[in-house]
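> My questions all concern the structure below.
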Amino acid sequence: MVAIMNEALELRVGNKVLEVGAGSGYHAATIAEQVGSQGRVYTIEQVPELVKAARSNLGKAGYSERVILVQGDGSLGYPDRAPYDRIVVTAAPKIPQPLVRQLVPVGVLVIPVGGRLFPQELLKVRKDDKGRIERTSLGGVAFVPLIGKEGFDS
């Protein structure tokens, strides 16, 4: 699933990427490899225990300089470092508008949208140079829910 999402993101060397839902830190590390040392990955996680685990994993794997981990409500994005070339998210009931606003024109957002557990649909959202968005379905998926103000209740 990580590979499918990364391919859908159309990652390029030098991209600035926001990952919402750090989990173990693995997905952020794979993104960091693809955007190279010229790129930057910001990952935001709400659950304190996952922040601690991801920070430890990313540090042990040598990614603490290339992946910036922040604790907070990822459903609102991370406006302090916006805009982003690419955004990847865990499952949400809808596409959070704060994330769309933080995406550059011609940026890509990949997000599972749907129910708390099932059904969910993986969407690729492309923002054009005028700020309009185009959605493409990449098929059915099952993800942990995005919690927060623009996600599911915690």
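> So, with +1 on the Cβ of K and R and -1 on the Cβ of D and E, and no other charges, what is the size of the charge dipole of the range 94-154 about its Cα centre, to the nearest 20 debye?
About 140 debye.
> From the backbone phi of the range 3-11, what are the Karplus-calculated ³J(HN,Hα) couplings (6.51 cos²θ - 1.76 cosθ + 1.60, θ = phi - 60°) in whole Hz, Gly and Pro given as x?
5, 4, 5, 5, 5, 5, 5, 6, 4
> Tell me, what is the per residue accessible area of the chain in Å², probe radius 1.4 Å?
Computed with neighbouring chains in place, this is 49 Å² per residue.
> Kindly provide the trypsin sites (Lys or Arg not before Pro) of the range 56-147 that DSSP labels as loop, not H, G, I, E or B, and whose Cβ sees at most 12 other Cβ atoms within 10 Å.
Lys94, Lys130, Arg132
> Next question, about the same structure. Among the listed pairs Lys60/Lys149; Lys16/Lys130; Lys94/Lys130; Lys124/Lys149, give every one whose C-alpha distance is greater than 27 Å.
Lys60/Lys149
> I need the phi-derived Karplus couplings for the range 89-95: 6.51 cos²θ - 1.76 cosθ + 1.60, θ = phi - 60°, integer Hz, Gly and Pro marked x.
Whole-Hz 3J(HN,Hα) from phi for the range 89-95: 9, 7, 4, 10, x, 7, 6.
> Taking amide H atoms as placed 1.01 Å from N in the peptide plane, list the residues 5 or more away in sequence, or in a different chain, whose amide H sits under 5 Å from that of Ala92.
Val113, Gly114, Leu146
> What ³J(HN,Hα) values, in whole Hz, does the Karplus curve 6.51 cos²θ - 1.76 cosθ + 1.60 give for the range 106-120 when θ = phi - 60°, with x put for Gly and Pro?
After applying 6.51 cos²θ - 1.76 cosθ + 1.60, I find 6, x, 10, 10, 10, 8, x, 10, x, x, 4, 10, 9, x, 10 Hz.
> Please state the relative contact order of the chain as a whole percent: Cα pairs under 8 Å, 6+ residues apart?
21 percent.
> Of the listed values (i) 1, 9, 17, 15, 12, 10, 9, 8, 7, 5, 4, 2, 1, 0, 0, 0; (ii) 2, 9, 17, 21, 18, 13, 9, 5, 3, 1, 0, 0; (iii) 2, 11, 21, 24, 23, 14, 5, 1, 0, grab the one calculated as P(r) over Cα pairs in 5 Å bins from 0, in percent from the structure here.
Label of the calculated value: (iii).
> What's the ranking of 69-78, 2-11 by average number of surrounding C-beta atoms within 10 Å, highest first?
Most protected by this proxy first, the peptides run 69-78, 2-11.
The values are calculated or read from the model by the stated rules, or taken from the named source; none is laboratory data. Computed from a predicted model, the values in this text were never measured in an experiment. Neighbour counts run over all protein chains shown; Cβ positions are idealised from the backbone, glycine included. Just so you know, the surface numbers come from the protein's heavy atoms only, side chains and all, with ligands and any DNA or RNA stripped out. Shrake-Rupley method; radii C 1.70, N 1.55, O 1.52, S 1.80 Å.
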